[in-house]
1. Would you mind pulling out the separation of the Cα centroids of the range 259-293 and the range 131-207, in Å?
2. Rg/Rh for the range 123-234 to two decimals, with Rh computed the Kirkwood way over all alpha-carbon pairs.
3. Please compute the volume of the convex hull spanned by the alpha-carbon atoms of the range 237-345 and report it per residue in Å³.
4. What does the highest-first list of 55-62, 251-258, 314-321 look like by mean Cβ count within 10 Å?
5. Could you please rank 188, 74, 292, 247, placing first whichever residue has the fewest other Cβ atoms within 10 Å of its Cβ?
6. What order, most packed first, do the peptides 168-177, 135-144 have when packing is the mean number of other Cβ atoms within 10 Å of each residue?
7. Along its principal axes, what span do the Cα atoms of the range 161-222 show, with the longest given first and each in whole Å?
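Each reported figure results from applying straightforward, stated rules to the coordinates on display, with no laboratory input. Everything quoted here is computed from the prediction, not taken from an experiment. Neighbour counts are summed over all protein chains in view; Cβ atoms, including those assigned to glycine, are modelled from backbone coordinates with ideal geometry.
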Ligand SMILES: [Zn+2]
Ligand SMILES: [Zn+2]
Ligand SMILES: [Zn+2]
Ligand SMILES: [Zn+2]
C-alpha cells in the first residue's frame with residue numbers, strides 16, 4: 001500500500017520560499033490570453049509585433065516575440081514554450097528550453113499584468129540547479145497564492161447564487177420543485193426516503209454536505225442560478241463565465257475526493273485495469289489516505305473531501321504537478337470573502 005502511494009504521491013513536501021528576482025528577468029510574458037500585452041517600455045520582450053514569425057512547435061503566427069533566456073534563435077508562442085518547460089520539468093525535474101536544453105528559471109509575479117499575474121523566465125543563477133523539484137513547485141505555488149485568493153474572492157463576488165445561498169439556503173432553494181431537491185440530495189449521496197416537505201430535504205442536504213457554505217459551493221459547481229429555478233442539470237457544471245478561474249488562466253473544476261484521487265493515479269502513468277483502479281480507490285478511501293494537497297493552504301486533504309482542480313492539469317510550468325484548492329479555502333475566500341493572507345502565512 002505504501003509503495004503504491006509513494007508512486008502516486010507527486011505533491012509538495014516542504015515549503016521553500018525565495019523572493020522574486022531583483023535582477024532583470026531576461027524574458028517576461030503575460031500568462032493569460034493569446035496576445036502578449038506588455039507595454040513598449042518593457043524591453044524584456046522582443047521589439048514589437050512580428051506577424052511573420054511562426055511558432056516552431058505549433059506553426060501558429062506569433063503576435064509578440066518572446067526573448068528566450070538562452071541563445072536560441074527560434075520562436076515559440078507562449079503556450080508551446082510553457083508546455084515544453086512543464087514537460088521537461090516533469091520528465092527531468094528541471095525546466096529546459098526544448099531546443100538547446102538550457103535550464104530556465106521560472107518565477108511568477110502575481111501583481112503583474114494589471115493583477116492577472118505573469119510568468120517570468122530567466123537564465124538560472126549559480127546555485128539554482130540545486131533547488132529540489134518539490135521546492136520549485138512549492139515556490140511557484142507560494143508566488144501564485146495571492147492571485148488565487150483574489151480569484152476566489154472575485155468568483156464569490158460575481159457569482160449570483162453562491163453567497164446568497166450560503167446566507168439563506170432554504171430561501172434560495174424555496175422556488176425549486178421537490179423533485180429537483182430530491183435529485184440534488186441523491187446527487188450528493190443522500191437518501192430522500194421519508195422526506196415529505198421541502199424543508200426536510202433541505203435539512204438533509206445541509207446535513208449531508210456539512211453546512212450552508214458547502215451546499216452553496218455544490219450548487220454553484222452544478223451551474224444552478226437563482227434566475228432560472230428549473231435548471232438542474234446535475235453534472236452539467238458551471239457555465240464558463242461562472243467558473244472559478246485558476247492562476248494559470250484555466251478553469252477550476254469541482255471534483256469529489258475519489259474522482260480527484262482517480263485522476264491523480266491515472267495521471268501518474270500507472271496502467272491499471274478499471275476494476276483494479278476502483279479496488280485501489282476503495283482501499284484509499286478506507287485507509288483515509290491523504291494524497292491530495294491544497295496548493296493554497298498546504299493541507300493534506302481527506303479522500304472524501306471535494307476539491308477544486310485546474311483543467312490544465314500538469315501542462316503549465318506554473319503548476320507542473322497539477323493545481324488543487326480545498327473546499328475550506330473556497331469557503332474562506334469565495335463564500336466568506338475573507339481578506340486575510342492565511343494561505344501564505346501558513347507556509
Ligand atoms: Zn506554439
Ligand atoms: Zn534555447
Ligand atoms: Zn491552472
Ligand atoms: Zn486549502
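1. Using only Cα atoms to place each centre, the spacing works out to 24 Å.
2. Working: Rg = 20.3 Å, Rh = 16.4 Å.
Rg/Rh: 1.24.
3. Working: hull volume 12.2 nm³, N = 109.
Hull volume over Cα atoms, normalised by residue count, gives 112 Å³.
4. Values: 55-62: 15.2, 251-258: 19.5, 314-321: 23.6.
Highest to lowest by the protection proxy: 314-321, 251-258, 55-62.
5. Values: 188 19, 74 15, 292 25, 247 30.
Fewest-to-most Cβ neighbours within 10 Å comes out as 74, 188, 292, 247.
6. Details: 168-177: 16.0, 135-144: 23.1.
Descending packing order for the listed peptides: 135-144, 168-177.
7. 29, 21, 17
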